[in-house]
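Remarks on the structure that follows.
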Amino acid sequence: MSVLSSAQMQAAEQAAFARGVSVETLMDQAGAGVARAIRQFFPKPATCIVFAGKGHNGGDALVAADQLQRIGWKIDIRLPFAEDVCSKLMLKKLNVVRDTAPSSSDTIDRAPQTIVLDGLLGTGAKSFLREPVRTAAREINRLRRDGNVYVFAVDLPTGLDADSGENDPDDSVIADVTVTIGFAKHGLIVDSALNLVGRIEVAPLPGLWPDASAPNELVATPSSLSPILPRRRFDAFKNEFGRIGVVAGSKGFVGAALMTTEGALRAGAGLVEVFVPDEIYEVVASAAPVEAMVKPVRRYRDLLEEKINIWAVGPGLGNARATEILNLIENATQPMILDADGLNILAGKIETLKMCRGPRLLTPHPGEMKRLMDVGKMARAGIARNFCDKFPVTLLLKGSRTIVCERDKPISYNTTGNPGMASGGMGDVLTGVCAGLGGRGLSMYDAGRMGTWVCGRAAEMSIFQHGASEESLLASDVLANLGGAFNELRNPSV
């Protein structure tokens with residue numbers, strides 16, 4: 001799923017029109033995609049306040065409103081422009097919503113939530129806002145701040161430049177989810193736009209085809225990820241799905257080993273073996289999932305002889321045996337995911353990465369990344385590219401918009417997740433999930449992209465479908481909802 005400039009998006013639209021695709025067809029597809037995205041987060045009918053601009057962006061929002069209204073949502077339309085200056089197609093969609101509105105005495109059982117749909121301005125608009133859009137944008141932000149409503153932006157938040165990510169510093173709409181139409185726009189993924197854009201969902205337009213040249217940037221979506229994880233054959237057996245070796249845990253950090261282990265199991269690993277120091281063996285053996293095998297380890301260099309398909313090294317490991325761990329990192333021929341103390345140990349001997357005998361996926365958070373290299377004031381994408389140009393590894397740079405990078409491949413931006421994931425244990429789960437996917441035969445690049453997406457989506461499901469909140473969300477909630485995330489990945493249109 002390529003990331004496009006506004007010029008590339010316009011060229012794709014013009015090519016579609018030349019093939020006979022109508023503007024209204026694209027608008028109907030866009031609006032349907034927005035409605036579908038809203039229902040992923042709010043499956044039960046609720047109240048939607050629609051701020052509709054005078055052009056196509058407003059029309060997209062009104063199509064979404066019509067689809068929601070037909071399944072029981074209460075729609076409140078707010079127009080900042082007089083109707084006599086609105087486009088004909090926008091007015092057509094507005095009249096459809098009005099004509100299908102239920103009577104005032106309807107008895108539909110609705111959820112208590114209210115969402116706001118920002119359909120004020122689209123891709124061609126500039127970042128500096130003028131009246132009456134400025135007042136409407138301020139009202140959206142007031143509702144989000146004071147009314148605790150959830151804001152969905154259509155294509156991009158009003159006040160954000162689609163190419164640069166520049167924004168009106170005072171009045172740009174702050175979105176919780178941006179449903180970008182057709183393809184993600186470059187301005188949505190720049191670091192400075194993160195807190196305005198929120199979570200990214202792509203509403204595909206089947207009649208829109210981008211330039212065929214190889215992209216430099218991608219966003220991870222179900223439709224782009226599902227083909228790399230085919231369904232299992234009916235005669236499959238466990239050895240086909242990898243034997244995972246988890247090297248994790250130390251005194252006081254048993255939980256890290258346990259969460260990594262369960263993450264690998266729930267990502268489809270055939271077998272998981274957990275190698276822990278003698279002093280915590282009994283505790284881990286009694287607390288580990290019964291599906292895993294726990295083994296005490298006296299010398300980490302002996303692990304080079306184990307019949308393992310992929311390693312997960314580092315969570316809660318400590319640095320007491322750093323020399324042995326470095327030897328394992330360098331000389332294991334199998335793919336390896338490195339996290340937490342595995343990265344901290346590596347930071348002191350970073351040139352080891354140039355001598356590793358197998359593929360390596362590094363999963364640092366920003367603090368760990370600063371220990372691996374001098375990041376200066378570089379943007380996160382620049383950090384990732386520079387690191388991968390220097391070392392022959394795959395880098396998964398964690399954050400609210402996690403990046404996966406590998407030399408000679410497009411940078412991939414994750415689209416799922418929420419601020420509730422800023423808590424202990426989330427990285428341990430991700431390490432295990434990536435290892436489990438690697439055991440299924442995915443490359444380190446694809447395992448990182450898919451692992452990040454499913455963990456983020458599982459966190460969203462915990463909040464929007466199972467009663468968790470950003471404050472209460474735990475890594476164990478993510479583990480519990482991985483199955484739902486994988487199911488959604490396989491059925492991206494549902």
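The values are calculated or read from the model by the stated rules, or taken from the named source; none is laboratory data. Since the model is a prediction, treat every value here as computed from it, not as a measurement. Backbone-built Cβ (ideal geometry, glycine too); neighbour counts: all protein chains shown. Note: areas computed on protein heavy atoms with side chains; ligands, DNA, RNA excluded. Shrake-Rupley method; radii C 1.70, N 1.55, O 1.52, S 1.80 Å.
For the chain, with all protein chains in place and a probe radius of 1.4 Å, 50% of the accessible heavy-atom surface sits on carbon or sulfur.
The stretch between ALA11 and ILE228 holds 75.2 nm of extra length on full extension. This uses 0.36 nm per residue minus the Cα-Cα distance.
For the range 35-129, the mean projected area of the C-alpha convex hull, equal to one quarter of the hull surface, is 6.6 nm². Of the GluC sites (Glu not before Pro) found in the range 128-230, not one falls in a DSSP loop while having at most 11 other beta-carbon atoms within 10 Å. When mean projected area of the Cα convex hull in nm² is computed from the coordinates, the matching label among (i) 26.4; (ii) 24.6; (iii) 21.7 is (ii). The mean sequence separation of alpha-carbon pairs under 8 Å and at least six residues apart, normalised by the residue count of the chain, gives a relative contact order of 13 percent.
The magnitude of the dipole of the range 2-119, with charges of +1 and -1 set on the Cβ of Lys/Arg and Asp/Glu and taken from the Cα centre, is near 180 debye.
Stretched out straight at 0.36 nm per residue, the stretch from LYS251 to ILE71 would grow longer than its current Cα-Cα span by 59.4 nm. Which one of GLY255, VAL375, LEU437 is farthest out on the positive end of the charge dipole of the chain, using unit charges on Cβ (Lys, Arg +1; Asp, Glu -1) and the Cα centre as origin? Looking along the dipole axis, the top candidate is LEU437. Its convex hull of Cα atoms gives the range 329-464 a direction-averaged projected area, equal to a quarter of the hull surface, of 7.8 nm².
When the scattering of the range 204-260 is computed by the Debye formula from its Cα atoms alone, each counted once and equally, what is log10 I(q)/I(0) at q = 0.21, 0.24, 0.25, 0.29 Å⁻¹? Each listed q corresponds, in turn, to -0.95, -1.05, -1.08, -1.21. Relative contact order of the range 132-226: 24 percent, from C-alpha pairs under 8 Å at least 6 residues apart in sequence. As a length-normalised measure over Cα pairs under 8 Å and 6 or more apart, the relative contact order of the range 310-457 settles at 21 percent.
Give me the Debye-computed log₁₀ of I(q)/I(0) at q = 0.14, 0.19, 0.23, 0.24 Å⁻¹ for the range 147-197, equal point scatterers on Cα only, no solvent, two decimals. Log10 of I(q)/I(0), two decimals: -0.29, -0.53, -0.76, -0.82.
For the chain, the longest piece that avoids every one of the chymotrypsin sites (Phe, Trp or Tyr not before Pro) found in DSSP loops with at most 13 other C-beta atoms within 10 Å covers 238-494. Of all DSSP beta bridges confined to the chain, the antiparallel ones make up roughly 15%.
Shown is the FRET efficiency for ARG407 and LYS238, computed with R0 = 41 Å from the Cβ-Cβ distance and rounded to the nearest 0.05: 0.80. Average accessible surface for the range 210-281: 48 Å² per residue, computed with a 1.4 Å probe over protein heavy atoms with every protein chain in place. Here the range 234-322 is treated as an ellipsoid with the same Cα gyration tensor; its semi-axes, largest first and in whole Å, are 22, 14, 10. Against the chain, whose longest principal axis is taken from its Cα atoms, helix 426-439 shows a tilt of about 80°. Electrostatic bookkeeping for ALA322 treats Lys and Arg as +1 and Asp and Glu as -1; over the other residues with beta carbon under 11 Å from its beta carbon, the sum is 0.
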